[in-house]
Amino acid sequence: MVNRAIGLMDLSPGLEEKIRVCNATYTVRFGVRLRGQIHTFTGYRSVHSEHMEPVKGGIRFSMGVSQDEVEALAALMTYKCALVEAPFGGSKGGLCIDPRAWDEHELEQITRRFAYELIKRDLINPSQNVPAPDMGTGEREMAWIADQYKRMHTTDINGNACVTGKPINAGGIAGRVEATGRGVQYALRAFFRDQEGLKKAGISGNLDGKRVIVQGLGNVGYHAAKFLRDEDGSIITGIIERDGALFNPAGLDVEEIRTWIAEHGGLAGYADSNFVKDGAVLLEEDCDILIPAALEGVINLQNADRIKAPLIIEAANGPVTAGADEILRNKGVVMIPDMYANAGGVTVSYFEWVKNLSHIRFGRMGRRQEESRHELIVNELERLSSDKGFNWELSPDFKQKYLRGAGELELVRSGLDDTMRIAYDSMANVWHGRDDVHDLRTAAYLVSIGKVAASYQAKGL
């Protein structure tokens, strides 16, 4: 995919190679005494590009972690950050572990030791390398890593900025947990404003009433489905999980199903819809929007021909293989690429990093002043209405909504919405403006690689 985009660019061979390769990958094997014996674990931290620093990228806990996977995801992070104008290079980390095989205390010991191995080599550092949650990790693990960093750097006043995705009470930011799913929603809203894009996908109207199938009801899939259903009027007709899938053309209750999964460990037994044991079959069901939000490679050469959705938005990293991508493009399917669609996480991570460095929450300085200015306008309108005898009155909830100043959550959502709109416009301009660009993925790579190349050239390379 990178090569296809680079083939359309005028870059020197040396610069092409510099952008393509990973700068460095560190492999660590460490032991932790657990359950009466020493267990050895293997972990990785890969740095793809340092055209901007710090580098940014999640840490995943999974038995499928490998050096190739970590390096590929680090490269994707480089392009993703460039596309949404987050001032980071690309990095990624992983630990070969099944987090469900260990209790919380054991997992904390393993996480802290892995963090120690990375921190002492500056592979976790507020100014050099800033991890975040990924598959198998979350706020809890990020809090452990941040605490481990501060134990080792007791005088670093910016220690909290060494990692993002932390809990609110440990230096996190409002809206980070929902960020990737919220970004998927904003990405779809941006696409549905693009009349030329809708025409290419053979879709019309807005998100209201659109049939959506979601693969993976984890953090990303759940929030994307919830926001699309509750705020945009979309109908979630299918949900695919590891033990099967649910399908109901009339729509599924995302909140109920999420609660069911938390209590029962899967979808089996949920009564209010059709349960399909082979969940992957539902990827091929007729719908308007397909959201793969879990694993990579779920749409591949084996099933790409049977995909019926005219629009796919990649909430997961790499859910469509390169071979499937070609088949779907030839069929006329529009794909909103992962480097854009799931960039909400790194965008809000950027906001959290800035918050940690500035040591003040967003909205604290200006919120009440904003409310006071709004109150002056409302009071003057009410005075004019009563004194001059105008025959009108304010809507019942107008005053309450208008007077409410923006807090941290509102500002984070506003910044994310703005970021997703601008990034989409930059892709769409290339997609619609060049005769040799026929899909959003190529457009996204052209925009992001162009920005990385410009950074390297500005440094004299």
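A few comments on the model shown:
- Out of Ile257, Ile213, Ile239, one residue alone is in contact with a Gly (Cβ under 6 Å, 6 or more places away or on another chain), assigned by TED's automatic domain parsing to the domain that holds Val298 and of a type in the set (Val, Ile, Thr). It is Ile213.
- Among the residues of region 380-398, some residue qualifies, meaning at least one is surrounded by 11 or more Cβ atoms within 10 Å (Cβ to Cβ), aromatic (Phe, Trp, Tyr), on the phi < 0 side of the Ramachandran plot and modelled with pLDDT under 95.
- Restricting attention to region 76-127, the residues that are of a type in the set (Gly, Ala, Ser) and assigned to a helix (DSSP H, G or I) add up to 3.
- Arg140 vs. criteria more than 15 Å from the chain's Cα centre (by Cα), over 19 Å from Val32 (Cα atoms), at pLDDT 95 or above and assigned by TED's automatic domain parsing to the domain that holds Phe41: yes
- Helices (runs of 4 or more DSSP H) contained entirely in region 299-403, each with at least 1 residues that are outside the structural domain of Ser204 (by TED's automatic domain parsing) and small (Gly, Ala, Ser): 367-387
- Identity of the residue in region 175-212, within 24 Å of Phe247 (Cβ to Cβ) and out of contact with any helix residue (DSSP H, G or I) (no Cβ under 9 Å at 6 or more places or on another chain), that ends up surrounded by the most Cβ atoms within 10 Å (Cβ to Cβ): Arg211
- Residue check, Val412 touching a residue at least 12 places away in the same chain (Cβ under 8 Å), part of a helix (DSSP H, G or I), farther than 18 Å from Gln185 by Cα and not assigned by TED's automatic domain parsing to the domain that holds Phe88: no
- Test result for Ala132, surrounded by 20 or more Cβ atoms within 10 Å (Cβ to Cβ) and not in a helix (DSSP H, G or I): yes
- Residues of region 289-314 that turn out to be in contact (Cβ under 8 Å) with a residue 60 or more places away in the chain and β-branched (Val, Ile, Thr), as a count: 4
The values are calculated or read from the model by the stated rules, or taken from the named source; none is laboratory data. Quick caveat, the model's predicted, so the values are computed rather than measured. Virtual Cβ from ideal backbone geometry, glycine too; neighbours counted across all protein chains shown.
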